[in-house]
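Scroll down for the structure; my scribbles are underneath it.
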Amino acid sequence: MTAAAPARQRSKILCLTVGVIVVLAVSLGVGLGVGLKHHHAASTEVKASNSSNSPSNTTSNLQALTPQDSSSFFLRGAAAMADEPAQDRVYTFVLEERLGAPDGVEKTMLVVNGLYPGPTIEVNEGDRVIVNVTNLMPNATAIHWHGLYQRGTPYFDGTNAITQCGIPPGESLVYNFTLDGWSGTTWYHAHYSTQYTDGVTGAFIVHGKNETVPSYDAEIVVQLSDLYHGFSTDLLRQYLSTQGMTGEGLTGVTQGNEPVPDAGTINGVGQWGNSTAYSNYTLEANKTYRLRLANTGSFAASRFSVDGHILTVIEADGVPITPYEVSGLVIDVAQRYSVLLKTNRTTGAYWMRGSVQEDSFTYDEPGFNGNQLAIIRYGVDDSAMPSAELAASDPGAGDGAPGDLDVSLLVPSDFVEAPNSTISYTLTISMQNTATNNWLSFVNSTSWSPLAGQATLFDSLTLNSTGANVYDDSQLIITIPQKEVVDIVINNYDDGDHPFHLHGMKVFVMGNGAGRYQGQALNSNNPLRRDTVLLPAYTWTVLRFVADNPGMWAFHCHLSWHMAAGLLMQWSVMPAEAALLTPPQQMLDQCSMLKGISD
Ligand code: C2O
């Protein structure tokens with residue numbers, strides 16, 4: 001879609017939330033100022049001067065990405081794997097720098113096994129997944145299996161400075177966990193600074209034992225992402241600088257504007273400038289395909305559609321959904337949906353579209369191309385191209401078109417009543433300029449800054465068993481000593497939308513609305529469950545989760561830039577029980593290695 005929504009203006013925040021800002025700024029400047037000043041000035045400098053974070057200067061020596069045929073995105077499928085006994089599924093991941101050109105423009109990338117996106121993990125519920133990760137990148141890394149619960153193995157959640165200290169450059173780590181109680185469409189990604197923005201992502205499909213979705217003939221994974229021509233560390237440095245992305249930051253007006261992408265990709269292929277490379281999917285006519293969609297991007301939502309075809313939504317973040325027909329759907333960063341596509345129209349070639357949404361952009365990126373295309377064909381030969389007429393038409397529009405997905409109308413097909421909450425916490429989200437002129441993200445009064453060579457999970461097992469706070473003001477950790485049903489009341493005081501993700505536990509979306517929460521009614525009658533929930537600008541949301549999974553679980557905005565600017569807090573769930581779950585010694589050794597390097 002080319003319709004440019006009005007760009008978000010940073011200056012708005014100054015007028016609309018002036019009261020909030022003043023109050024918070026005062027409390028920050030006065031209350032936390034001393035602690036934060038030092039901390040954030042130092043951490044921003046580390047981020048800015050950590051040259052090992054930058055890509056090799058010798059890009060010309062880098063090996064190119066390994067080309068990937070679109071057949072690698074066709075899955076073996078639930079039916080084919082249904083009779084396989086529970087088993088170990090073993091993967092080897094080698095992470096390294098490569099030279100890629102996903103949209104025709106060459107750039108340094110960080111990828112798994114030379115592939116962008118990385119190899120797809122496809123397993124059954126109940127299987128054990130063993131991934132041997134070797135880090136040949138210049139920085140430490142951690143690989144997170146988004147949305148999986150890691151019950152009993154919280155130290156394999158793969159979250160830097162929370163559940164591990166990182167795999168140092170040149171080192172390996174074996175992640176080893178059993179898929180318990182979760183099935184559906186998800187993805188894995190580096191969870192170390194903005195590293196996944198440079199390419200460390202891949203699909204992770206778990207076939208459920210008794211998934212309540214309509215039947216289909218075949219399945220394909222479709223990963224949509226925004227794409228930056230710059231390396232994420234360079235973009236991050238500029239984003240966090242007082243100059244901001246557009247260099248006018250000294251007035252404080254454009255500071256905090258997030259980097260705007262250049263283009264996007266569909267399964268790793270996009271178009272920018274004159275590039276006309278498309279990924280191609282050859283389908284059979286008169287079949288039903290399950291497209292497993294994921295937004296694996298860093299900043300922008302993406303709208304998915306297939307010209308001339310209605311899509312039926314049947315899954316959201318692993319939760320089966322009562323079938324819901326749409327013309328297209330906007331997928332927020334880190335969210336997933338399965339849609340059914342019937343190849344029952346006139347045989348031919350059709351555009352599949354991933355439209356990078358511009359709503360959150362605060363400046364014009366020269367040459368930006370949000371209209372990303374791929375081709376599906378059925379009943380025609382592989383040279384057939386979609387007709388110009390269809391290409392120009394509004395995707396999914398026309399007579400009888402059902403319109404786009406309205407997330408508030410998603411109904412889980414397995415009826416579940418949300419349990420009553422036993423405890424409630426209120427969180428506020430804001431972006432603020434600190435006393436040292438750093439534009440950072442805050443949960444309540446805290447802006448997360450990962451502690452190098454530390455993992456709060458490990459620290460809580462050893463140093464912090466008495467409950468003493470061993471951290472500085474950058475770690476907001478709420479401890480839940482025994483099982484509770486937790487309400488998180490979130491007021492988003494920012495002018496931006498934030499896709500928030502809770503690790504380790506399923507989330508019930510109990511309610512949301514404009515403004516702040518003042519006791520509005522909640523819905524416990526089969527509410528939507530999912531792991532990544534959009535918190536629109538200036539709105540309240542109440543999420544509920546059953547805190548019964550021992551571990552240290554991140555809760556954060558999934559936009560790379562916002563997480564790097566501190567929009568993350570942690571839940572320490574049942575720490576006494578978590579202390580009984582011992583991480584491999586190798587993980588603790590890697591903490592010592594990284595501590596030595598970073599301190
Ligand atoms: Cu996709 Cu903290 O994760």
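Here are the numbers for this structure:
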| item | result |
| --- | --- |
| 16 Å tail of the calculated P(r), region 235-346, as % of Cα pairs | 69 |
| Sum of side-chain charges, Q335 neighbourhood, beta-carbon under 9 Å (Lys, Arg +1; Asp, Glu -1) | -1 |
| Accessible surface of region 224-409, 1.4 Å probe, proportion on carbon and sulfur as whole % | 49 |
| Residues I130 and A579, FRET efficiency given R0 of 22 Å [Cβ-Cβ distance, rounded to 0.05] | 0.35 |
| Å² of accessible area per residue within region 423-594, as computed with a 1.4 Å probe and no ligands counted | 32 |
| Sulfur and carbon atoms: percent of accessible area, region 75-214 [1.4 Å] | 47 |
| Apportionment of accessible area to carbon and sulfur, region 423-594, percent (1.4 Å) | 54 |
| Globularity ratio of region 415-565, using Cα Rg and 2.2 N^0.38 Å | 1.07 |
| Highest-first arrangement of 210-218, 445-453, 194-202, where packing means the average Cβ count within 10 Å | 194-202, 445-453, 210-218 |
| Prolate/oblate/rounded label for region 53-209 (Cα gyration tensor, a/c 1.5) | oblate |
| Heavy-atom surface of region 224-409, accessible at 1.4 Å and reported per residue (Å²) | 34 |
| Cβ crowding within 10 Å averaged over residues, with 583-591, 505-513, 344-352 ranked highest first | 505-513, 344-352, 583-591 |
| Peptides ranked, highest mean first, by Cβ atoms within 10 Å: ranges 335-342, 363-370 | 335-342, 363-370 |
| Part-to-part distance (alpha-carbon centres) for region 291-314 and region 511-535, which is given in Å | 23 |
| Cβ-based net charge around S413, under 13 Å, with every Lys or Arg adding one and every Asp or Glu removing one | -2 |
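The values are calculated or read from the model by the stated rules, or taken from the named source; none is laboratory data. Just so you know, these numbers come straight off a predicted model, no measurement behind them. We place every Cβ from the backbone using ideal geometry, glycine too, and count neighbours over all the protein chains shown. Each accessible area value is taken on the protein alone, full model and side chains, heavy atoms only, with ligands, DNA and RNA left out. Shrake-Rupley method; radii C 1.70, N 1.55, O 1.52, S 1.80 Å.
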